[in-house]
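> First, the structure itself, so that you have it in front of you.
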Amino acid sequence: MSLKLGVMASGRGSNFLAIQNEIERGNLDAEIALLISDRAQAPALELATAHGIAAQAFPYDKSDRSAFEKKAGDAFEAAGCAYIILAGFMRILTPGFIDRFEHRILNIHPSLLPSFKGLHPQQQALDAGVKFSGCTVHLVTQELDAGPILAQAVVPVEEEDTEESLSRRILEQEHQVYAQAIQVLIAKHHAMA
Ligand code: GAR
C-alpha cells in the first residue's frame, strides 16, 4: 500500500509540487492525501486542488497556535496520513503537535544544518562567507531546525551570489532531496510491512 502523506505549506508550494510530480511519474510509492495551509491565499492550496488533492486553510492565531494545530492534526489523522511533510511551512510548531506526531514530521530547510537555523538561512550563509551551502531534510523535534538529518545536498556559493540567486540554486536541490528522503521512508515502511 502506498504511503499516505499530509503536507503543510505556507506559500508558493514548489517543494510540494516537486514531490507530487515524482508521485505522478510513478517514482514515489506515496499519496498526498491532504494539504493544509495557515494562509488562505497560499498558492500551494490552488496547486494541490489542481492536482486533485484535498486542500484546506485553517485560520492561524499566534496567541493560540494549538487551535490551528488541533484542526490540522485531526484532519491529517482523519485522512490517514502516516507522515506530515513541512514544505515551506513558516510557523513554529508547539511541543504538543510535535509529540502527537512524534518522529512522523519532516521538514526541509535551505541550509546545511546545523549551520544557519531560522530565518533567511541563504543570507546567513552569504554573510558568513561560506563556500558551500545547501539544504537539509530532517525529522522535526522540539528544538528548532535540529532533528535527525535524513538527507542533504550541497550547493556551491558563487562570488556574485545574492540571496535570491543562491536561494534559487538551493531550491533546485531541495526539489531532488525531499523526494529522496521520502523514498527512504517508503523503503522503511515496506520493510516493516
Ligand atoms: C523553501 O526554500 C524551504 O526550504 C523554505 O521555504 C521555501 C519554501 O518554498 N523553508 C524554510 O525556510 C523553513 N524554515 P516552496 O513554498 O516553494 O516549497
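The values are calculated or read from the model by the stated rules, or taken from the named source; none is laboratory data. The shown structure was predicted, so the numbers you read here are calculated from the model rather than taken from an experiment. Note that we place each Cβ from the backbone using ideal geometry, even for glycine, and neighbour counts take in every protein chain shown.
> Which members of region 82-104 meet the condition of being under 19 Å from G13 (Cα atoms) and in a loop (DSSP other than H, G, I, E, B)? Write out each step before concluding.
Within region 82-104, the first condition is being under 19 Å from G13 (Cα atoms), and the residues that meet it are 83-93.
Correct list: A87, G88, F89, M90, R91, I92, L93.
> Continuing with the same structure: Within region 167-183, is there a residue that is without any contact (Cβ under 8 Å) to a residue 60 or more places away in the chain, at negative phi and touching a helix residue (DSSP H, G or I) at 6+ places or on another chain (Cβ under 6 Å)?
yes
> Further question on the same structure: Restrict the check to region 70-91 and report whether at least one residue is more than 20 Å from I32 (Cα to Cα) and touching a Gly at 6+ places or on another chain (Cβ under 9 Å).
no
> Of all residues being part of a helix (DSSP H, G or I), of a type in the set (G, A, S) and farther than 15 Å from R91 by Cα in region 47-74, which is nearest to the chain's Cα centre (by Cα)? Just the residue, please.
Result: A48.
> Just name the residue that is surrounded by the fewest Cβ atoms within 10 Å (Cβ to Cβ) out of those in region 1-46 that are over 16 Å from the mean Cα position of the chain (by Cα) and within 15 Å of the ligand (Cβ to nearest atom).
Q41
> Okay, next question. Being in a strand (DSSP E or B), touching a residue at least 24 places away in the same chain (Cβ under 8 Å), in contact with a Ser or Thr (Cβ under 9 Å, 6 or more places away or on another chain) and over 24 Å from V7 (Cα atoms) is true for just one of V130, V154. Which residue is that?
Numbers: V130 fails: in a strand (DSSP E or B).
Of the residues listed, the single one that is in a strand (DSSP E or B), touching a residue at least 24 places away in the same chain (Cβ under 8 Å), in contact with a Ser or Thr (Cβ under 9 Å, 6 or more places away or on another chain) and over 24 Å from V7 (Cα atoms) is V154.
> Right, something else. Considering each of P114, P121 in turn, give the residue that is crowded, with 19+ Cβ neighbours inside 10 Å, within 16 Å of the ligand (Cβ to nearest atom) and either modelled with pLDDT of 95 or more or not charged (D, E, K, R) (or both).
P121
> Given S111, S115, which one is in contact with a helix residue (DSSP H, G or I) (Cβ under 9 Å, 6 or more places away or on another chain), closer than 30 Å to D29 by Cβ and assigned to a loop (DSSP other than H, G, I, E, B)?
The match here is S111.
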